[in-house]
Amino acid sequence: MAEFRRIVILTGSGISAESGISTFRDKGGIWSKYKVEDVATPEGFARNPKLVLDFYNMRRQVHHGVQPNPAHLALARLEREHTGDVLLVTQNVDQLHEIAGTGQLIHMHGEVFRAWCMACEKRCAWRQDLDLETACPACGTTGAFRPDVVWFGETPYQLDRIGAALLACDLFLSIGTSGTVYPAAGFVKLARKAGAHAVEINLEPSEGVSFFNETVHGFAGVEVPRYVDRLLRGG
Ligand code: OAD
């Protein structure tokens, strides 16, 4: 473990699959049932805001009451027990990393339990359904209050901080992501440029598998605790 001082971890929907949340691109995944351009773009929202709000109301419902699995818990343990820096960057909009106890966390694609107002730009925690009549609690405007999730064509959150961490890290772990959506899919290349050791833990080889030094293919709930154990033992 002394070998790695600065760890950056990227997670995707595969880490939450064993908690009961669907992935996007696996068989039966979210994008096999909905069109990205209809429910996850600013243009889709402008065209049919009700469809988009209903989609996220459905997704918010799914997220109520879900619990972290051993993979989330192992990453929280890594942060707790590692003596160097650990930054977890998740593409997931669920709260499972924070429920598991991770503190240094960036939700680069936003959070399903937050909302923001396009009129006054205020963001806040939000657990209820949204509809076209929902008024922003800060400015009272209706029709401009939307889920605080990043849609295709929008800029993910905290890219500067993530980029700086990647360029300074010596271990990069990518867990449960297909490696198809940029900029996250390019993080491994930045980390490698910085000289980091890059490890993929995923059910199957991702799109970017060739960029990793080490790959572990299996269930996150099994492989992540095993890998974290190994790291903390210094092996
Ligand atoms: P994907 O659905 O593209 O990929 C999920 C990956 O997790 C796949 O490669 C699966 O093989 C793997 N997987 C499934 N179950 C697993 C398990 N139990 N253990 C380990 N791996 C498992 O989801 P993401 O890569 O997260 O963005 O998708 C990236 C982004 O695309 C999402 O954040 C979302 C989506 O559109 C936006 O909506 C902006």
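All of the numbers you see were taken from the coordinates with simple rules; none came from a lab. Treat the numbers as computed from the prediction; the structure is a model and nothing was measured. No Cβ is skipped: glycine too gets one built from the backbone with ideal geometry, and neighbour counts run over all protein chains shown.
If the convex hull of the alpha-carbon atoms of the chain is projected onto planes in all directions, what is the mean projected area in square nanometres?
Working: hull surface 48.5 nm².
With the hull built on Cα positions only, its mean projection is 12.1 nm².
Against the 2.2 N^0.38 Å scaling, with N counting residues, where does the range 89-178 land? I'd like the Cα-based Rg ratio to two decimal places. Walk me through the intermediate numbers first.
Details: Rg = 15.3 Å, N = 90, 2.2 N^0.38 = 12.2 Å.
Dividing the Cα radius of gyration by 2.2 N^0.38 Å gives 1.25.
What's the local net charge at Thr41, with K and R +1, D and E -1, over the other residues with C-beta under 11 Å away? Kindly include the intermediate steps, with their values, before the conclusion.
On the way: positive: Lys35, Arg47; negative: Glu37, Asp38, Glu43, Glu154.
Net local charge, Thr41 excluded: -2.
Which peptide among 193-200, 157-164, 212-219 comes first, and what is the full order, when sorted by highest mean count of other Cβ atoms within 10 Å? Don't jump to the answer; show the numbers that get you there.
Numbers: 193-200: 17.4, 157-164: 13.6, 212-219: 15.2.
So the peptides 193-200, 157-164, 212-219, ranked by packing, come out 193-200, 212-219, 157-164.
Given only helices, namely DSSP H runs of n ≥ 4 each adding -39500 (n - 2.57), what is the per-residue ellipticity at 222 nm of the chain, to the nearest 500 deg cm²/dmol? Let's see the in-between values first.
On the way: 8 runs with 73 residues, N = 235.
Mean residue ellipticity, 222 nm, calculated: -9000 deg cm²/dmol.
Just how far, in whole angstrom, is the range 86-142 from the range 17-66 if you go by their alpha carbon centroids?
15
How high is the relative contact order of the range 51-158, given as a whole-number percent (alpha carbon pairs under 8 Å, six or more residues apart)?
On the way: 167 pairs, mean separation 27.9, N = 108.
Dividing the mean separation by the residue count of the range 51-158 yields 26 percent.
Would you mind computing, in nm to one decimal, how far apart the modelled labels at Glu214 and Arg192 are, each placed 7 Å from Cα along Cα→Cβ?
1.7
Can you tell me the FRET efficiency between Lys50 and Glu207 if r is taken as the Cβ-Cβ distance and R0 is 35 Å, rounded to the nearest 0.05? Before the final figure, lay out each step's value.
Working: r = 34 Å, r/R0 = 0.96.
In this case the efficiency is close to 0.55.
Would you list which lysines come within 22 Å of Lys122, measuring only between C-alpha atoms, while excluding same-chain residues fewer than 8 positions from it?
Lys50
Could you work out the percent of alpha carbon pairs in the range 26-95 separated by over 16 Å, rounded to a whole number? Walk me through the intermediate numbers first.
On the way: 1549 of 2415 pairs.
Across the range 26-95, Cα pairs with separations above 16 Å total 64 percent.
Summing Lys, Arg as +1 and Asp, Glu as -1, what charge do residues with Cβ under 11 Å from the Cβ of Arg123 carry, Arg123 excluded?
Details: positive: Arg114, Lys122, Arg146; negative: Glu111, Glu121, Asp148.
Once positives and negatives cancel, what remains is 0.
Based on the mean of other beta carbon atoms within 10 Å per residue, what is the order of 89-101, 23-35, most packed first? Walk me through the intermediate numbers first.
Details: 89-101: 21.8, 23-35: 14.2.
The most tightly packed comes first, giving 89-101, 23-35.
By what distance, in whole Å, do the Cα atoms of the range 1-130 stretch along each of the three principal axes, largest value first?
Cα spread of the range 1-130 along its principal axes, largest to smallest: 53, 38, 25 Å.
Beta carbons within 10 angstrom, averaged per residue: use that to sort the peptides 225-232, 59-66, highest first. Spell out each step's value before the answer.
Details: 225-232: 16.8, 59-66: 14.2.
Order by mean packing, descending: 225-232, 59-66.
Show which lysines lie in cross-link reach of Lys189 when reach means a straight Cα distance below 28 angstrom and same-chain residues fewer than eight apart are skipped.
The qualifying lysines are Lys27.
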